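Structure first, commentary second.
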Amino acid sequence: MNDMTPIQTTLKDWESDQEVRWCPGCGDYAILKAVQRTLPMVNADPKNTVFVSGIGCSSRFPYYVESYGFHTIHGRAPAFATGIKLANPDLDVWLVTGDGDGMSIGGNHTMHVLRRNLNCQIMLFNNEIYGLTKGQYSPTSRVGTSSPSSPVGSVDRPALPCAFALGSGARFVARGYDISKDLPEVLKAAYEHQGAAFVEIFQNCIVYNKDRFDDFTQKKVAADTQVWCQDGEPLLFAKGTKGLALDCDTLSLKVVDVVAKEDGTPDWEAAGVAVHNVKNRGLAHMLVEMPFGAFPMALGVIYDDPRPAFETEVVAERAKLIEGKTADLGKLLSKGQTWTVEPEATHGLMD
Amino acid sequence: MATITAEHEHEASVQDASPEAVVVRFAGDSGDGMQLTGGQFTLSTALAGNDLATFPDFPAEIRAPQGTLFGVSAFQINFGSSEITTAGDAPDVLVAMNPAALKVNVPALKPGGLVIADTGEFNKRNLEKAKYDANPLEDDSLAKWDVLAFDISALTLEAVKPFGLGNKEALRCKNMWTLGLALWMFDRDRQPLIDWLNGKFGKKNPVLAEANIAALNAGHAYGETAELAGPLKKLHVDPVPSEPGLYRTITGAEAVSLGLVAGAQLAELPMFFGGYPITPASAILHNLVKMKEFGVTTFQAEDEIAAICSAIGASYAGQLGVTSSSGPGIALKGEAMGLAVMTELPLVIVNSQRGGPSTGLPTKTEQSDLYQAVYGRNGDAPMPVIAACSPADAFECAIEACRIAVQFMTPVVLLTDGYIGNASEPWKVPDPKSYAPFPAKFLEESNNGEGHVLPFKRDERGVRPWIKPGTEGLMHRIGGIEKGIDTGDIDYAPAVHQAQTDARKAKIDGVAKAIPAQDVCLGEEGGKLAVVGWGSTYGPIHQAVRRARKKGLDVAHVHVRHVWPLPENLGDLLKGFDKVLVPEMNTGQFKTVLRDQFLVDAKPLTKTSGQPFAIAEIEEAIASFFDGVPGHVEGEVAVNETQLPNPEA
C-alpha cells in the first residue's frame, strides 16, 4: 500500500452484491463479518485487496467480499497468491483455506508459502470435517470421528495446523474462532505482520460437525478454557485464578493456581506464571501443542517475529542481478557465440 | 524458420555427411590410444548394424613428443543408417584429448558440431606446446561449436582407483573412459568391448582388464547421469547456413527462452516464469534466470502444480505467465490448465516432450504428448497447441504462443521435445524489429456504463477483457466455477453452461483465423502423396521427401506448426493429395486428429524407440506408396502382381 492518505471504508463497502450461500448458522458467516470489520480498521483499499481461495466451503469466501477475488483449485491457493504477489507486491493478498484444502490436498503449498514467507494473510478455517463433500473426516478430525467414510470412527491421528505452521517456518501464528468478538483484532495483527501470517480459525460446521468447539467457545465455559496470548502479559485464564507456568523439570507448561493480591489483582508472579513473548518460538510450540482439557485453548497472537518477506527478497535479488544491464533484445539474441556468413561465401569455417 | 527454409533451394550444397550419417573424430596424443579407441568404436558400430567408413590418421613417429601438434593422432569414422561412401568431410563430433588435438582438428569440425575435451590436459604446459595463447575452452574461440569440456583424466583416475595402478598406467585408461562415453552417446552395447578387454588382458593382467572395464563403464555412466545431448547428434540435421548474415548456434531450450522473452517484449508485458526442475525442460528455467533485465521474474516452485498456479496468479495480476515442463509434469498441471481455460487468462505452457508414459525415457525424445496437449483435460477445455520443428523454429513458435495467449486470453501449449531442446543448430540471428508488436490491453474503466464491470463480456472474437487487480472501480471475482454470461457471477444454469461451453470453443476455433494458412514446404500443392509432419520430425521427413522427389516421385512435405486449432485450409490441402502419410514418434496421434478433423485417410508411420526417425525409414515408407513391392501395406501396385516375386512361394 503506497497511498499516503488512509483509505476510509465501512463494513458495508466490503460487502459484494453476491448472495451468500453457506448453510444457515455456519460459522463462516461470522468470520466473513469479522473480516469485513477488520478491513476498515486497517485502512485496506478494496482495489488493492485480493482474496484468493482454494476449494471447499471456506473457499467461496472471495465471492462475498467487494474486492478482487480469485477462487482457484483445490489446495493451490498459496501458489496463485505467490504469483500474484510476485507480479504486484503492492497488492494485499488474503488466502482463505480450510483444514481439507490447506492441510490435506494443499499441505505442500501451505508449507512452502510459510517457509518462503510471502507477505499475505492465511486464514485456515478449521471445522475438522469435509463439509462441501458431505461430511467425511478431515486431517484435523479427532480420532474416532464418525463420518460417511469412517462409520465406526476415524483412526487417523489429526494434524495440528499451528504446529505444522511453526514447523514450516511461519513467522506469525495466531488462533481465533468464528464467533469470537476478538477475531478482528487477531486479523488486524496478521495484516500488520510483514510476511506470511498464519491464522487458524476454529469454525463450527452446523451440518456435519456441529458444536465441535463448544467446549471452549461457549460463553459459560470460555473464561475457564481460553487463554488469550498477549505479548508482555502473563498467561492467565479463569479470570486470573489460573495461569500457565514453565515446569523446569519437564521443560513443559503446567497449569498453576493464582491467588489474588490484597487489591484483588492476581499475584501471578508468586505463582510463577509465564509472561507471553511473541518472539519466543519455543513457547509458541508449547502453547499450540497443549492438549485441550488438561490445558486451556491458546488463542490470540501466539507467535510474531517478522523476517524479510519473500517478494521483497525476490525484488531485491532481481535488482542486484540486473544492475547495470540494459534490456536490448537485439543484443541478447546475438549474444556471445556468433559468426558472419558473407554473401558469396559457402558455409566456410571460421578461422 | 530462417535456417530451415533457406535449406530448400540449396540441395546441391548438402555435403557428403548427410544427416542420417554421423562423422566422429577421436583425436589425442599418440600415446593416448586413439587408434585403438577408434578401432573398437568401429567394431561396435559394425555390430550395431551401421554402414561405415573410417580414416585413421596418425603421425609417422611411433611415439612423437607428447603434447605437440605433430604428435596428434586421430581416427575418424563416418557411419549411418544407409550406404556410406566416404569417411565424411567434416566431423560432427570431435573428441580432443589434449590442446594439440583440438588445435589440429577443430577447424574441420562442422559449425554446430560437438567438441568433447579433456580439461585435465588443458594445462599451461600443454597449451604452450599446442601454441595456444589462451585456453580455447575458456574464451569464445569455440563459439561456433558445442563444447562439452570436463576432466576426463580425473574422472578416469577416480574410476580406476580401486585397482591400485600407478598414475601413468591409470591415465592410460582414459581412452576406454572416452570410448565408454562414445558408446553411451550412440547407444552401443558395451559387452563386445568388455569381452575384447578380457580377452586381451584377461590372462596376463586381469587387474588391467578390470581397470579398463571400470573406466569404460564409468565413461558410459557419466553420459547417462550427466544427461549430455550426445545421442541426438546421431541424426543431427544440419541446415547449411547459406543465407548471408549473422549466425549463432542455438539449442531448442535457448530458442524457447529467447522467444518467450521476445514474445513478452512484443506484448509489452513483464514475464513471470514458474517452473519446477524436470528433464529435459529445466534448461529453460536456467536460461531465463539470466534474462531478468527484460522484466522476467523466475520462480522455482515446490512442484509442477505450484509452478503453473503461480504463473496463472501472475497472469491474473497482469503479467505474462509462463510455465514449462515435460510430459509427467504437464500431467500434474492439467487441472490448473483447465482453470486457465475457465478463467480465460493468458498463459504459455511449454512441454519438452520425452518418452512416456510415466517416467518413461527421461533423456530420450518422443512426440507422444500430442493427445495430452490437445485433449488431455477434464471437461471441454479447448486450448491452442503449437509445435516447434527445430531448435531455431522454437524461437518463432514461442513468440507465436505468446501472441495467441495475449490476443485471445487463453492458455497456449508449446510443444518441443528432448531432441529439439538439447540439439543445437546454426541460427541466423533475427532482427527483433522485424516482428510486429502485439501490445496487451488492460481494461481501465467499467465496460458497463455506470454499473458493475462485466469481466466476461466478450468482444467480436469472443475474447474477454483483461483486468488487473489494483484497477480502481473494477473489483470482481473469478474462479473455476461456471459463470454467468458477461457478469462472471457463479451460475450453474443449464443454458448458461451450454452457452459458455460453446463460447469457449468458438473462441479457440476462431484462433484459426489469426494464424497463417498451411503451406507445402517441399513439392507442389496436390498430387499423389503428402507426407504430413509436425514437430521435430521435420528434418528426416524433409530429407526423405527431397530424395524421393529426386527419384521423380510425386510427393510433397507438409509440416504443421499449428496443431490446434488447425489451419483453416489444411483439410482442402490434404484432400488435394491421393494419399496422406503421417510419420510421428508416437503410435499415431496426429494421424487421429487429422482423420477426425478432415475425414482424410491419413496413414501412420510410427516410431517409439526414443530415437528420431532415420531418413531411410521415411524414404522406405514413401517408396511403399509407389513401387508396388509386395508386403507393403500402402503399396500401390503399378505392375501385374503375378510378375512379382511371391514371398509365400
For region A:226-297, calculate the relative contact order in percent as a whole number, restricting contacts to Cα pairs under 8 Å that are 6 or more residues apart. 32
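Considering every residue in B:288-294, what mean count of other chain Cβ atoms within 10 Å of its Cβ is obtained?
Numbers: counts 0, 1, 4, 7, 8, 10, 7.
Average neighbour count from other chains, rounded to a whole number: 5.
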Proxy reagent accessibility, fewest Cβ within 10 Å first, across B:140, B:417, B:118, B:509: B:140, B:509, B:118, B:417
Please grab the % of Cα pairs in chain B that end up more than 39 Å from each other. 38
Could you tell me whether region B:484-594 comes out rounded, prolate or oblate from its Cα gyration tensor? Rule is a ≥ b ≥ c as square roots of the eigenvalues, rounded for a/c under 1.5, then prolate if a/b exceeds b/c, otherwise oblate. prolate
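List the chymotrypsin sites (Phe, Trp or Tyr not before Pro) within region B:490-588 that fall in a DSSP loop (any state other than H, G, I, E or B) and whose Cβ has at most 16 other Cβ atoms within 10 Å. Present the calculation step by step, with values, prior to reporting the outcome.
On the way: sites: B:492, B:534, B:538, B:577; in loops: B:492.
Within region B:490-588, the qualifying chymotrypsin sites (Phe, Trp or Tyr not before Pro) (loop, at most 16 other Cβ atoms within 10 Å) are B:492.
Do any chymotrypsin sites (Phe, Trp or Tyr not before Pro) in region B:370-429 lie in a loop, going by DSSP, with at most 12 other beta-carbon atoms within 10 Å of their beta carbon, and if so which? If you can, show how the numbers build up before the last one.
Values: sites: B:371, B:375, B:395, B:408, B:419, B:427; in loops: none.
Counting only loop positions with at most 12 other Cβ atoms within 10 Å, none of the chymotrypsin sites (Phe, Trp or Tyr not before Pro) in region B:370-429 qualifies.
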Counting only residues 5 or more apart in sequence or on a different chain, those whose built amide H sits under 5 Å from that of residue B:581 are B:530, B:531, B:532, B:603
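On average, how many beta carbons from a partner chain sit within 10 Å of the beta carbon of a residue in B:295-305? Numbers along the way, then the final one.
Numbers: counts 3, 4, 7, 3, 7, 0, 5, 10, 5, 0, 7.
Per-residue shielding by partner chains comes out at 5.
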Can you compute the charge dipole magnitude of the protein assembly as shown about its Cα centre, using +1 on each Lys and Arg Cβ and -1 on each Asp and Glu Cβ, nothing else charged? Give it in debye, rounded to the nearest 20. 1200
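What translational diffusion coefficient, to the nearest whole µm²/s, does chain A have by Stokes-Einstein, given a Kirkwood radius computed over alpha-carbon pairs, a temperature of 25 °C and 0.890 mPa s viscosity? Don't skip to the answer; put the middle values down first.
Details: Rh = 22.3 Å.
Once the numbers are plugged in, D ends up at 110 µm²/s.
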Cut-off under 5 Å, modelled amide H: who pairs with residue B:476 long-range: A:68, A:69
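Could you work out the relative contact order of region B:326-443? I mean the mean sequence separation of Cα pairs under 8 Å and 6+ apart, divided by the number of residues, in percent. Each step should come with its number before you reach the end.
On the way: 182 pairs, mean separation 36.7, N = 118.
Rounded, it is 31 percent for region B:326-443.
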Point-charge dipole on Cβ atoms (K/R +1, D/E -1) for region A:1-100, about Cα centre, debye to 20: 220
At a 10 Å Cβ-Cβ cut-off, how would you order B:323, A:225, A:250, fewest neighbours first? A:250, A:225, B:323
Mean residue ellipticity (222 nm) of chain B, computed from DSSP H runs ≥ 4 via -39,500 (n - 2.57), nearest 500: -10500 deg cm²/dmol
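Of B:110/B:174; B:204/B:364; B:428/B:468; A:85/B:505, which ones are farther than 29 Å apart at the Cα?
Details: B:110/B:174 25 Å; B:204/B:364 40 Å; B:428/B:468 38 Å; A:85/B:505 31 Å.
Too far apart for the 29 Å limit: B:204/B:364; B:428/B:468; A:85/B:505.
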Within region A:290-309, the residues whose backbone N lies under 16 Å from a label point placed 7 Å from the Cα of residue A:142 along the Cα-to-Cβ direction are A:290-298
DSSP beta bridges in the protein assembly as shown, what fraction antiparallel, as a percent rounded to 5? 35
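Ranked highest first by average number of other Cβ atoms within 10 Å, how do B:517-525, B:201-209 line up?
On the way: B:517-525: 16.6, B:201-209: 13.9.
Per-residue Cβ counts within 10 Å, averaged per peptide and sorted highest first, yield B:517-525, B:201-209.
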Cross-link table A:325/B:290; B:103/B:168; A:335/B:131; B:124/B:161, entries beyond 21 Å C-alpha to C-alpha: B:103/B:168; A:335/B:131; B:124/B:161
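I'd like the mean, over residues of B:472-483, of how many other protein chain beta carbons sit within 10 Å of each residue's own Cβ.
Numbers: counts 4, 2, 2, 11, 5, 17, 7, 11, 6, 4, 0, 0.
That works out to 6 on average.
First check a/c for region B:62-208, with a ≥ b ≥ c the square roots of the eigenvalues of its C-alpha gyration tensor; if it is under 1.5, answer rounded, and if not, answer prolate when a/b is larger than b/c or oblate otherwise. Let's see the in-between values first.
Working: a/c = 1.89, a/b = 1.19, b/c = 1.59.
Because a/c hits 1.5 or more and a/b fails to exceed b/c, region B:62-208 counts as oblate.
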Applying 1/(1 + (r/R0)^6) with R0 = 25 Å to the Cβ-Cβ distance of residue B:431 and residue B:135, what FRET efficiency is obtained, to the nearest 0.05? 0.15
Taking the simple approach of a point 7 Å from Cα along Cα-to-Cβ for both residue B:55 and residue B:482, what is their distance in nm? 7.0
Return a whole-number percent for the relative contact order of region B:523-582, with Cα pairs under 8 Å and 6 or more residues apart as the contact set. 56
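Under the rule of -39500 (n - 2.57) per DSSP H run of 4 or more residues, summed and divided by the residues of chain A, what mean residue ellipticity at 222 nm is obtained, to the nearest 500 deg cm²/dmol? It would help to have the intermediate numbers written out before the result.
Numbers: 11 runs with 95 residues, N = 351.
After summing the helix terms and dividing by residue count, I get -7500 deg cm²/dmol.
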Among A:109, B:220, B:542, which comes first, second and so on when ranked by fewest other beta-carbon atoms within 10 Å? B:220, B:542, A:109
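Coordinate-derived values only; no laboratory data. These numbers come from a predicted model, not from an experiment. We place every Cβ from the backbone using ideal geometry, glycine too, and count neighbours over all the protein chains shown.
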